[in-house]
Amino acid sequence: MKTNLIHWNKFLVLLVLAVFVGALGCKKQNNKENLTAYLAPQLPDQPYDYSVNTNRNTKHLQTFNSITAQIIPINNNIATLGRVIFYDKMLSINNAIACASCHKQEMAFADGEKFSMGFANMLTKRNSMAIINPIFSQAMHSGFFWDIRETELNMMVIKPVQNHIEMGFDTIANVIAKMKSVPYYANLFQKAYASNEITVDKIRESLTQFLLSMVTINSPYDLAAENNFATFTPQEFRGWEIFSKEGKCLNCHGGDISNGWVETIANIGLDDKYTDKGIPNVNRIIKNANESPSEGYFKIPSLRNIALTGPYMHDGRFSTLDQVVEHYNSGIKNHPDLHWNLRRNGTSLPIKLNLTQANKAALVAFLKTLTDKNFITDPKFSDPFVGMALN
Ligand code: HEC
Ligand code: HEC
């Protein structure tokens, strides 16, 4: 919704300018030209390099590198097309919402809202997810969305466009018809596919390639992991110890952070009874889950860029990392489906970490080292429609 407001703000500024310039007796046409220019994306002459070079010279990402290496190479012109589609509000029924409305670069592609506003001022049922290394979820086949209902990125990318809350189109044919009416797409499809024909497969592929290129492994934590943690402050290092040892956080949130055992879904005892039941039919996925009905299982999200992606959890119930840490410290409910990693050894009771204030602060300080500043400022992932009105 904020993007929407910014859009309107710009429009208002233009409108005021138009009236002002008009009053001065100058040509109004200039403003019309500006308005047209605003609609076209601003792209570099040579496309950015979207190739995924995950090979940091490091041991901690060996699993990440070997798994993601299986994913097809990315074509720069196809990913560029995907970038434009990702940011284009034309892709919503009322020209108000783009993927980027709920996935903002400066927030590591989350949106800072508990629930997000779609095209008709309706709220999404779950908290918008940050887009963090989708290449890893794809390579692991661990699933997309909080309830992992899609395993293939190229199947999921088209869903929000058709979703009645999110972008609101009835059929893809209508989306394609609309894209044909926009002047810049023919050229972008031509560059990407040597043919200006717009098809649903190309829309899928280009969005997928753009998302696969969104690799974020360049944080202070990565630098520390490569240097025996010498670059960490003592507090950050203490936080890492809690995260990787007594807190058992790494047992579940390892994945794209460190080598080792990778869990993909869990119930973390947020409630005694869940209103949002989460992943359906868990027993089919996990053999040792409790007898039906199981509930409260959600995707274990990546914690990269976590300081930027609040509010937290599938329903955005926690607004700060301190609150999240307090949940794991003292708030875990004894739900029958609670993951064994969150039960005290040899008992069925939830863990109580009993962290001191200093240790809680250390854990939060560690979580803040997972922020990748390059990722959130890299122009190749940025909004190509921004700043057009000012030129
Ligand atoms: C109105 C807000 C909204 C819009 C618009 C939107 N999304 Fe999302 N996105 C969400 C929400 C909410 C979720 C979590 C939904 C769920 O789990 O049921 C999500 C989840 C995702 C995920 C899953 C991430 C993961 O790690 O599992 C990806 C990828 C994604 N969106 C990409 C896109 C793309 C691509 C577009 C545009 C075609 C888009 N989104 C448009 C709100 C939005
Ligand atoms: C048993 C596996 C498991 C363990 C152990 C675990 N987590 Fe989680 N974590 C999850 C799952 C699953 C979610 C999402 C739950 C939901 O939304 O219902 C989550 C969510 C989070 C989130 C919010 C992510 C977001 O994008 O909203 C943070 C932060 C987090 N965990 C930090 C930690 C820390 C710190 C520890 C250690 C003290 C820890 N986790 C231990 C499974 C785990």
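The values are calculated or read from the model by the stated rules, or taken from the named source; none is laboratory data. Nothing here was measured: the structure is a model prediction, and the numbers come from that model. Reconstructed Cβ throughout: ideal geometry from the backbone, glycine too, with neighbour counts over all protein chains shown. The area values use the complete protein model at the heavy-atom level, side chains included, leaving out ligands, DNA and RNA. Shrake-Rupley method; radii C 1.70, N 1.55, O 1.52, S 1.80 Å.
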- Message: When the residues of segment 127-168 are narrowed to those that are among the charged types (D, E, K, R) and touching a strand residue (DSSP E or B) at 6+ places or on another chain (Cβ under 8 Å), which ends up nearest to residue 298 (Cα to Cα)?
- Response: 147
- Message: With the requirement that a residue be in a loop (DSSP other than H, G, I, E, B), away from ligand 1 (no atom under 16 Å from the Cβ) and either buried (at least 20 other Cβ atoms within 10 Å of the Cβ) or among the basic types (Lys, Arg) (or both), what does segment 234-257 give you?
- Response: 245, 247, 248
- Could you count how many residues in segment 301-329 are among the hydrophobic types (A, V, I, L, M, F, W, C), within 13 Å of ligand 1 (Cβ to nearest atom) and under 17 Å from residue 248 (Cα atoms)? 1
- In segment 306-330, anything touching a strand residue (DSSP E or B) at 6+ places or on another chain (Cβ under 9 Å) and either acidic (Asp, Glu) or more than 21 Å from residue 108 (Cα to Cα) (or both) is listed as 326, 327
- Message: What's the total number of residues in segment 374-385 that are open to solvent by 20 Å² or more (accessible area, probe 1.4 Å) and in contact with a helix residue (DSSP H, G or I) (Cβ under 9 Å, 6 or more places away or on another chain)?
- Response: 7
- segment 46-101 - residue that is free of Cβ contacts under 8 Å to residues at least 12 places away in the same chain and assigned to a helix (DSSP H, G or I) and, of those, surrounded by the fewest Cβ atoms within 10 Å (Cβ to Cβ): 66
- Message: Could you list, ordered by first residue, the pairs with Cβ atoms under 6 Å in which the first is in segment 360-376 and in the same structural domain as residue 229 (by TED's automatic domain parsing) and among the small types (Gly, Ala, Ser) and the second is at pLDDT 95 or above and open to solvent by 30 Å² or more (accessible area, probe 1.4 Å), at least 6 apart or interchain?
- Response: 362/235; 362/238; 365/235; 365/236
- Query: Quick check: is even one residue across segment 117-131 touching a Leu at 6+ places or on another chain (Cβ under 9 Å), at pLDDT 95 or above and not in a helix (DSSP H, G or I)?
  - Reply: yes
- Message: Against the definition (surrounded by 15 or more Cβ atoms within 10 Å (Cβ to Cβ), more than 16 Å from ligand 1 (Cβ to nearest atom), among the aliphatic types (A, V, I, L, M) and in contact (Cβ under 8 Å) with a residue 24 or more places away in the chain), how does residue 332 come out, yes or no?
- Response: yes
- Task: For segment 108-123, enumerate the residues that are hydrophobic (A, V, I, L, M, F, W, C) and either near ligand 2 (Cβ under 10 Å from one of its atoms) or buried (at least 23 other Cβ atoms within 10 Å of the Cβ) (or both).
- Result: 108, 109, 110
- Checked against (1) in contact with a Lys or Arg (Cβ under 9 Å, 6 or more places away or on another chain); (2) at negative phi; (3) within 8 Å of ligand 1 (Cβ to nearest atom), residue 142 satisfies every condition except (3)
- Matching option when the condition is in the same structural domain as residue 211 (by TED's automatic domain parsing), away from ligand 2 (no atom under 13 Å from the Cβ) and open to solvent by 30 Å² or more (accessible area, probe 1.4 Å), among 149, 126: 149
- Message: With touching a residue at least 40 places away in the same chain (Cβ under 8 Å) and surrounded by fewer than 21 Cβ atoms within 10 Å (Cβ to Cβ) as the only criterion, which of 264, 231 stands out?
- Response: 264
